[in-house]
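Every read-out reported here was derived from the displayed coordinates using simple, explicitly stated rules and does not represent laboratory data. Everything numeric here is computed off the predicted structure, so don't read it as measured data. Cβ: placed from backbone, ideal geometry, glycine included. Neighbour counts: every protein chain shown.
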Amino acid sequence: MLLGNYYDGVELYREEKIVYARFLVPHRIISTCQVAGGLRDDIEYLYNHQSSEPAGHHADSHSTIIRDPLAYHEQICRSHQLPHDRCATLGTAANMRYAITKEVRFRNLMVVAVCTGGVEGNAGRAGDPATVYEHDGTFERIAGKEPVLHGTINTMLFINHELTPGAMVRTIMTATEAKTAVLQELAVNSRYSSNLATGTGTDQIGVASRLDTGIPLKSAGKHSVLGELIGKAVHDAIRETIGLQNELTPEGQRSSMRHIERFGATSDDVIKAIAANLDEKKATLFTENFTGIERDPLVVAAVAALVHLRDKVTWGILPRSCVPELWATYGAQIAAAVSGNYTCLPFYRDRLAAHHYGYDDKNFLSLVEQAMAMGFQDKWPVDNSVGDLPMLSVIAADT
């Protein structure tokens, strides 16, 4: 089915498990495609194909992508009556019905981005530990976490003006920054380290610029209008498509668990650890209401603030020597957010400071869990009177 015609230079179609662009006039294409990739002026079709379901599915086409990219390319082209020698291929497990198209323009300049994306299983940060080593045409499995091949952000980008070869390369830089900006805004966690993700391990891109349109554009960076249009189109398309594919939205990321899961936290483990610090009645109450508590806006804000400070320590912006004060002070904010009683901040801070929580993932999670337990213990006084806070007597005794 024809999805649209853009600047009378490219038609966009969607069929079963594929979205493809047909160029009506000559374009220059730069792509990460394993077949027909690089910088080319002889490509007539650029397509994005779903090779399998996102999870628990090992379709032959998905396996062929890795084992024999050329065979996969030719197979897909035959299936859709496309000329295999004039096509560039992007492959993914994302649903093509979630492909999002964004069209932006300034005066006579137009940029069209078509994106699909899934990040939940394969998100990673540049510099995370590798899983394979390529040598003599083969891939050797090395130490590290088993890679997850389902989870890819694919971008097709169309520009109605000719670009220089250097500017074509720069479009990929700008589009990649836009993609990373989305993951930063949504606080997407790496699946291979305790860091925030910058992309996935299998992201792909194809950029096409229309030829013979006058003096080629030389700049696609952030200072140029072209760079701005690329950034906006790619950012908005990726943000919307991963919202559809993964239900990854700002509202969905309003979760304390989302912010601490990259340190190895699971809901079951966190609930168990917090409940162990509460009396039996309150432990049951907390367990039954955990989702509401961990998604409370002020609790999320306090947890996110503490996590961000840990990142600042990791990056060297804040000295590790300040960790005891940071952990106690901002852990106390978590406790106060849970209890709703900010007058208790000094008591919470002193109690957390007495534990001397370390910097490693396990100790950091223990800090968050203890802070939430302290706050919940005080949230509902035993006799329902405002001033009767059973946890405060414990704090006073300890201090």
For the chain, whose charge dipole is built from +1 on Lys and Arg Cβ atoms and -1 on Asp and Glu Cβ atoms, the candidate among 123, 35, 266 with its Cα farthest towards the positive end is 35
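Please rank 380, 327, fewest neighbouring Cβ atoms within 10 Å first, as an exposure proxy. Before the final figure, lay out the partial values.
Details: 380 14, 327 27.
Least crowded to most crowded, the residues run 380, 327.
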Within the set 174, 92, 266, GNM on the chain using Cα springs under 10 Å gives the largest fluctuation to 266
Computed over the chain, the relative contact order (Cα-Cα under 8 Å, seq sep at least six) in percent reads 13 percent
Expected sort for 31, 224, 321 with the fewest Cβ neighbours (10 Å cutoff) up front is 321, 224, 31
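Compute the longest continuous run of the chain that contains no exposed GluC sites (Glu not before Pro); treat a site as exposed when its DSSP state is not H, G, I, E or B and it has at most 16 other Cβ atoms within 10 Å. Working shown, then result.
Details: sites that count: 16, 247, 251.
Excluding the exposed sites themselves, the longest stretch runs over 17-246.
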Rounded to one decimal in Å, the inverse mean reciprocal Cα-Cα distance for the chain, i.e. its Kirkwood radius, is 23.6 Å
At 10 °C and 1.306 mPa s, the Stokes-Einstein diffusion coefficient in µm²/s for segment 172-314, with hydrodynamic radius from the Kirkwood sum on alpha carbon pairs, is 88 µm²/s
Candidate span helices, the chain: DSSP H, at least 24 Å along axis from Cα coords, Kyte-Doolittle average at least -1.0, result 165-185, 225-246, 297-314, 361-379
quick note, the chain, DSSP beta bridge pairs, % antiparallel (nearest 5) is 75 percent
The residues 290, 376, sorted from fewest to most surrounding Cβ atoms within 10 Å, come out as 290, 376
Hull surface over four for the Cα convex hull of segment 256-398, reported in nm², is 8.0 nm²
Mean-square fluctuation maximum in Gaussian network of the chain, Cα pairs under 10 Å, restricted to 238, 43, 142, hits 142
Long-range amide H partners of residue 163, meaning residues 5 or more apart or on another chain whose placed amide H is closer than 5 Å, are 217
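Among the listed pairs 232/362; 102/218; 281/312; 17/102, which are separated by more than 28 Å between their Cα atoms? Could you put the intermediate results ahead of the total?
Values: 232/362 39 Å; 102/218 23 Å; 281/312 38 Å; 17/102 20 Å.
In this structure, 232/362; 281/312 lie more than 28 Å apart at Cα.
Per DSSP H run of at least 4 residues, take -39500 (n - 2.57); add these up for the chain, divide by its residues and hand me the 222 nm value, nearest 500 deg cm²/dmol.
Values: 13 runs with 162 residues, N = 399.
Estimated from H runs of four or more residues: -12500 deg cm²/dmol.
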